[in-house]
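Reviewing the structure listed below.
The values are calculated or read from the model by the stated rules, or taken from the named source; none is laboratory data. It should be emphasised that the depicted structure is a prediction, and the values quoted were computed from it without experimental measurement. All Cβ positions, glycine included, derive from the backbone under ideal geometry; neighbour counts span all protein chains shown.
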Amino acid sequence: MSLRENYIEMNKSCVIKTVLLLVGLMRITVVSSAQSTENDSLTRNNIQLDDILLNVFESGDVKQLDLILAPEFINHSGSDKIGIDSTKMMVRKFHSVIPGVRVNLLRRFTNGDYIVDWVQFAGADSTLIDGMEVTRYANGKAMEHWFFPNNQQNPPAANTYQAKAPITQPFRKEAFDRSDSTVIRWLGMGGFLINSRGTTLMVDPVLKGFDMPVMIDFPIKTEEVPRLDAVLVTHSDNDHYSIPTNQDLKAVTKTFHSTKYVDSLMKVAGLPSFGHDPKEKFKIGSLTVTMVAVDHAWQNAYPGTASRVFKNEDCTGFLIETKDGTIWAQGDSRLMPEHLTMTPPDAILFDFSDSEWHFTFEGAVKIANAYPNTPLLLSHWGSVDAPDFAPFNANPERLKKAIVNPDRIHVLAPGEPYVLSKLSRQ
């Protein structure tokens with residue numbers, strides 16, 4: 001369900017229950033309107049929490065949610081998503097769709113654990129949405145939230161088309177056997193399995209536990225993975241560094257590799273990890289891996305997203321040299337000049353999402369055309385149901401029309417094998 005749908009369409013049972021709740025609340029509030037609530041410390045505390053929640057919607061400072069939301073918080077206006085992280089993602093999406101939003105509190109009703117706000121969201125692009133915010137508080141935390149829109153004027157245009165990956169091709173332990181070739185399999189999301197003549201590694205595996213709706217079946221379960229020589233993680237975003245996935249893979253993985261920052265997170269999680277500097281080389285069996293510079297410190301542009309200042313070296317790409325060719329695992333990055341002047345790789349694990357904190361679509365086209373013969377194994381697309389959220393909504397058909405030699409685009413199904421071979425250097 002898209003962001004706009006999350007705000008306009010609700011689960012029917014939730015709507016019925018909450019409308020009844022609203023009616024009861026407003027009746028009770030009107031009846032008791034002559035009674036002062038200023039001395040009710042519980043109500044005052046809930047109002048303070050509610051003011052913070054409205055401020056988060058206006059400022060985008062999602063760090064404040066850690067202070068006011070219960071871990072089991074349910075956002076009923078977000079497909080009944082549970083937890084703080086999913087709500088943070090919803091707020092970020094809200095700001096990406098309605099830039100410069102201002103929140104105007106028109107009227108407030110209170111009753112016991114519930115606060116009902118009649119609010120108006122006014123965007124810098126003339127978007128105007130008004131409706132009722134309903135939040136239940138208990139034990140000093142927000143427990144549940146609903147939003148019922150009344151109207152929308154001049155809403156921003158929505159992407160209604162969501163490109164979807166081909167039907168998953170599951171694989172099992174045989175994919176990890178020794179062979180005389182290098183085989184690459186897309187795992188969905190931004191993840192890949194590489195088996196180079198028996199040396200096995202995964203790049204950014206997300207096989208479970210993601211906090212947004214997923215449209216694909218993952219091609220293998222974590223408990224079915226028999227062994228890995230290494231897991232490579234490009235950065236700490238949870239669509240690349242999946243803690244649930246990596247915790248499950250720990251028992252069958254020799255080493256985990258990433259940046260110095262992500263290594264610090266891995267060590268806290270108890271993973272046998274190593275952190276590397278920019279441009280550093282390291283070995284995984286017969287493979288040589290080089291850290292590739294990226295620009296993806298997006299957290300600094302959104303106050304409250306993180307408790308630290310991020311650096312570009314907190315993220316990385318990987319250049320993986322095998323006997324059968326070189327693979328560029330891009331990770332997430334804005335376009336950098338050095339991305340256009342590398343020795344042509346033999347395959348690119350290719351991100352072409354049209355996002356300002358990725359290459360952008362135009363930047364992805366520049367990379368593709370800088371290496372006109374390199375096969376492009378598409379990633380970061382077709383997996384997450386988010387038609388309004390550019391990082392997950394790339395379309396292969398658009399790419400095919402924009403680059404030279406479009407036949408080298410490989411629209412792999414999750415789990416589908418691709419056999420690596422070296423480019424002709426004539």
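The C-beta contact set for segment 257-273 (first residue under 19 Å from residue 284 (Cα atoms), second residue part of a loop (DSSP other than H, G, I, E, B) and of a type in the set (Val, Ile, Thr), distance under 6 angstrom, 6+ apart or interchain) comprises 258/233; 259/316; 262/233. Under the condition of being under 16 Å from residue 363 (Cβ atoms) and not aliphatic (A, V, I, L, M), the residues counted in segment 316-344 number 11.
Note on segment 301-336: residues that are in contact with a Lys or Arg (Cβ under 9 Å, 6 or more places away or on another chain), within 24 Å of residue 390 (Cβ to Cβ) and either outside the structural domain of residue 195 (by TED's automatic domain parsing) or without any contact (Cβ under 8 Å) to a residue 60 or more places away in the chain (or both) amount to 1. Restricting to segment 366-421, name every residue that is among the polar types (S, T, N, Q) and out of contact with any strand residue (DSSP E or B) (no Cβ under 9 Å at 6 or more places or on another chain). Result: 369, 373, 395, 405. Report, by residue number, each residue of segment 367-426 that is surrounded by 18 or more Cβ atoms within 10 Å (Cβ to Cβ), among the aromatic types (Phe, Trp, Tyr) and not in a helix (DSSP H, G or I). Result: 371, 381, 389. Out of 221, 254, 208, 250, which single residue is of a type in the set (D, E, K, R) and in contact with a helix residue (DSSP H, G or I) (Cβ under 6 Å, 6 or more places away or on another chain)? Only one candidate passes the filter, namely 208. Considering segment 209-297, the qualifying strands (runs of 3 or more DSSP E), each wholly inside and each with 1 or more residues that are among the aromatic types (Phe, Trp, Tyr) and assigned by TED's automatic domain parsing to the domain that holds residue 341, run over 253-259, 273-276, 281-284. Within segment 191-206, the set of residues being within 21 Å of residue 162 (Cβ to Cβ) and not in a strand (DSSP E or B) comprises just one member, 206. Of all residues in segment 325-351, which are closer than 16 Å to residue 373 by Cα and assigned to a loop (DSSP other than H, G, I, E, B)? Those that are closer than 16 Å to residue 373 by Cα and assigned to a loop (DSSP other than H, G, I, E, B): 341, 342, 343, 344, 345, 346. If you filter segment 195-218 down to residues that are within 22 Å of residue 243 (Cβ to Cβ) and among the β-branched types (Val, Ile, Thr), you find that the one that is surrounded by the most Cβ atoms within 10 Å (Cβ to Cβ) is 203.
Being under 27 Å from residue 280 (Cβ atoms), over 13 Å from the mean Cα position of the chain (by Cα) and small (Gly, Ala, Ser) is a property that does not hold for residue 242. All told, residue 309 meets the bar of being more than 19 Å from the chain's Cα centre (by Cα), β-branched (Val, Ile, Thr) and under 15 Å from residue 236 (Cα atoms). For the subset of segment 380-401 comprising residues that are out of contact with any Ser or Thr (no Cβ under 9 Å at 6 or more places or on another chain) and touching a residue at least 60 places away in the same chain (Cβ under 8 Å), which member is farthest from residue 329 (Cα to Cα)? It comes out as 397.
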